[in-house]
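Here the structure comes first, spelled out in structure tokens, and everything after it is commentary.
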Amino acid sequence: MADAGVAELLLKKLESADSGVDSQDVARDLSVDHQVIVGAVKSLQSLGDLISAEQRSSKHWELTGEGQETVEQGSHEARVFKAIPDDGLPQSELMKLPSGKVGFSKAMSNKWIRVDKAHEGGPRIFRMVETIEDSVQEKLVQIQKGIADEVDEKEKNELKKRKLLAEVTVKSYFITKGPSFSTTITKQETDLTPEMIASGSWKEKSFKPYNFEALGVTLDCGHLHPLMKVRTQFRQIFLEMGFTEMPTNNYIESSFWNFDSLFQPQQHPARDQHDTFFLSDPAVATEFPQDYLERVKKVHSEGGYGSQGYKYDWKIEEAKKNILRTHTTAVSARMLYNLAQKPKFTPVKYFSIDRVFRNETLDATHLAEFHQIEGVVADYGLTLGDLMGVLHQFFTKLGITKLRFKPAYNPYTEPSMEIFSYHEGLKKWVEVGNSGVFRPEMLLPMGIPEGVSVIAWGLSLERPTMIKYGINNIRELVGHKVNLQMVYDGPICRLDS
Ligand code: FB9
């Protein structure tokens with residue numbers, strides 16, 4: 001039966017009804033599935049106010065399959081009673097009957113049967129009464145006839161426990177005439193054509209109302225990964241703050257720029273295999289600014305610029321080793337060195353957001369690589385207060401306003417601070433980054449002028465992304481196990497709300 005036909009039949013039933021009709025009743029009258037009537041209701045509602053439909057649900061009792069079998073064959077206990085001849089039945093035989101186990105215990109509790117355990121040949125079952133009244137079957141017959149009210153709730157629940165009866169919730173619509181009720185369905189136009197306007201025929205036509213709730217057609221197009229959406233937001237924040245993006249398109253870095261230029265000693269644990277990925281080919285870098293390299297060697301091994309240095313035998317072989325960069329601070333070092341080569345120092349604000357690699361223990365929130373976000377400001381006379389100020393400005397744009405700073409240690413910054421923010425959801429302070437003032441032993445060998453200080457901070461891209469997108473395991477965000485549907489469905493990112 002076509003939906004349009006069903007819809008018109010529904011309207012005709014409604015016309016003759018006193019108040020309204022129930023969709024379940026209509027489905028029964030028309031011998032169609034209830035969902036067909038629901039479809040007709042929805043299509044009539046989309047045409048305007050022809051009908052009103054109010055969802056309701058009702059409960060009623062229905063016999064289960066076993067309940068139906070009991071109506072036809074009697075209860076299990078009645079079938080057991082009827083199976084016992086006058087001279088009794090071995091218990092072992094009785095238990096083989098389909099109703100044996102359930103019927104035996106019920107018949108015993110009804111005192112319909114007894115067991116003679118001393119009987120020769122083994123326990124034997126005998127009837128205790130001449131006739132029985134199968135009340136279970138009688139109640140189910142009453143319920144089946146629709147006179148369930150004569151069976152009290154306690155008895156119904158008893159039958160429900162025996163899985164002979166089930167309480168079924170039925171959802172339906174109570175349908176009434178709408179303000180624009182009509183038994184005929186006029187086709188609704190979806191387009192206003194030039195012909196309609198010219199002829200004036202539009203005046204007699206009804207137009208389908210706009211559905212402003214309709215979702216746009218999903219385009220079969222590319223999709224940005226959530227990390228890239230959040231990166232764009234962070235990039236926007238830095239650009240608004242007047243920062244310039246650093247060129248980070250070199251995952252491979254020499255140990256010199258990644259560690260030595262940052263005054264990180266060659267025996268520092270972060271520089272060995274268990275923390276860093278070393279390249280086998282090309283294993284070493286060969287081009288360095290020689291004069292600068294000599295100054296780095298000297299400040300590590302002998303000190304200088306007011307520093308006593310680390311007093312160890314600095315080796316060029318260590319510095320030449322190629323690695324996957326462990327932080328984007330290596331790029332910051334290159335940028336600051338280039339800045340120092342210019343004839344005149346000018347204050348700068350740099351930022352970077354790119355991948356870094358660490359040979360670390362993997363867990364639900366840490367992989368061997370992540371995206372580091374880094375901000376750097378170089379100017380005369382910058383202080384820790386300036387660093388705190390720029391951090392408040394930066395994190396406020398993320399919607400993070402309550403910050404606390406905790407003294408920390410980095411090989412290349414002094415002082416250093418871990419950055420904490422109060423998480424309203426978790427009701428606790430969580431680490432949101434690290435920061436510090438680059439050491440003179442890093443800046444002065446580059447040629448950065450005395451009096452210029454450089455403040456910097458860093459955080460990861462993955463942590464805020466996981467929080468904003470409600471992802472608990474980093475493997476759901478990046479890696480070969482990512483469900484691409486998550487990428488397709490991911491909403492745009494707004495970091496400040
Ligand atoms: O990102 C981190 N946490 C974070 C950041 C933002 C955020 O936003 C909320 C939604 C609004 C939430 C959380 N952290 C730094 C803190 C922790 O996640 C930490 O466990 C993991 N850290 C990474 C390094 O772990 C090996 C995050 C990563 C990190 C840490 C330090 C730096 C960069 C990244 C740095 C630096 C630095 C310091 C001085 C000078 C220059 C750079």
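The values are calculated or read from the model by the stated rules, or taken from the named source; none is laboratory data. Everything numeric in this text was worked out from a predicted model, so none of it was measured. Don't worry about glycine lacking a Cβ; one is built from the backbone with ideal geometry, like all the others, and counts go over all protein chains shown. Areas reflect the complete protein model, heavy atoms only, side chains present, ligands, DNA and RNA absent. Shrake-Rupley method; radii C 1.70, N 1.55, O 1.52, S 1.80 Å.
Can you say whether residue 325 is within 16 Å of the ligand (Cβ to nearest atom) and surrounded by 18 or more Cβ atoms within 10 Å (Cβ to Cβ), as far as the supplied structure shows?
yes
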Scan of region 190-230 for residues that are over 30 Å from residue 488 (Cα atoms) and either touching a His at 6+ places or on another chain (Cβ under 7 Å) or loosely packed, with under 10 Cβ neighbours inside 10 Å (or both), ordered by number: 190, 191, 194, 195, 198, 200, 203, 204
Among (1) in contact with a helix residue (DSSP H, G or I) (Cβ under 9 Å, 6 or more places away or on another chain); (2) surrounded by fewer than 16 Cβ atoms within 10 Å (Cβ to Cβ); (3) modelled with pLDDT of 90 or more - the single one residue 103 does not satisfy: (2)
Filter result for the condition that a residue is within 12 Å of the ligand (Cβ to nearest atom) and more than 25 Å from residue 269 (Cβ to Cβ), over 395, 345, 370, 357: 395
Given (1) in a helix (DSSP H, G or I); (2) under 34 Å from the mean Cα position of the chain (by Cα); (3) polar (S, T, N, Q), index of the condition residue 261 fails: (2)
Number of positions in region 445-458 that are open to solvent by less than 30 Å² (accessible area, probe 1.4 Å) and either away from the ligand (no atom under 13 Å from the Cβ) or in contact with a Phe, Trp or Tyr (Cβ under 9 Å, 6 or more places away or on another chain) (or both): 9
Check on residue 35, surrounded by 14 or more Cβ atoms within 10 Å (Cβ to Cβ) and either within 50 Å of the chain's Cα centre (by Cα) or under 27 Å from residue 208 (Cα atoms) (or both): no
Region 284-309, residues that are surrounded by fewer than 19 Cβ atoms within 10 Å (Cβ to Cβ), farther than 24 Å from residue 251 by Cα and in contact with a Ser or Thr (Cβ under 7 Å, 6 or more places away or on another chain): 309
Selection within region 178-189 - surrounded by fewer than 11 Cβ atoms within 10 Å (Cβ to Cβ) and either basic (Lys, Arg) or more than 15 Å from residue 46 (Cα to Cα) (or both): 187
All positions within region 387-408 that are modelled with pLDDT under 95 and open to solvent by 90 Å² or more (accessible area, probe 1.4 Å): 401, 402
Within region 486-497, tally of residues that are of a type outside the set (A, V, I, L, M, F, W, C) and either modelled with pLDDT of 95 or more or near the ligand (Cβ under 10 Å from one of its atoms) (or both): 1
Criterion (buried (at least 18 other Cβ atoms within 10 Å of the Cβ), of a type outside the set (Ser, Thr, Tyr) and within 13 Å of the ligand (Cβ to nearest atom)) met by exactly one of 431, 462, 441: 462
Yes/no for residue 483 being of a type in the set (S, T, N, Q), open to solvent by 30 Å² or more (accessible area, probe 1.4 Å) and within 14 Å of the ligand (Cβ to nearest atom): no
Condition met for residue 436 (within 11 Å of the ligand (Cβ to nearest atom), part of a strand (DSSP E or B), under 25 Å from residue 334 (Cα atoms) and in contact (Cβ under 8 Å) with a residue 60 or more places away in the chain): no
Residues that are over 34 Å from the mean Cα position of the chain (by Cα) and over 27 Å from residue 165 (Cα atoms), drawn from region 46-62: 47, 48, 49, 50, 51, 52, 53
Residue list for region 457-490, restricted to those being among the small types (Gly, Ala, Ser), under 15 Å from residue 362 (Cα atoms) and touching a His at 6+ places or on another chain (Cβ under 9 Å): none
Residue check for residue 408: part of a strand (DSSP E or B) and within 11 Å of the ligand (Cβ to nearest atom): yes
Condition met for residue 380 (open to solvent by 70 Å² or more (accessible area, probe 1.4 Å), in contact with a strand residue (DSSP E or B) (Cβ under 6 Å, 6 or more places away or on another chain) and more than 15 Å from the ligand (Cβ to nearest atom)): yes
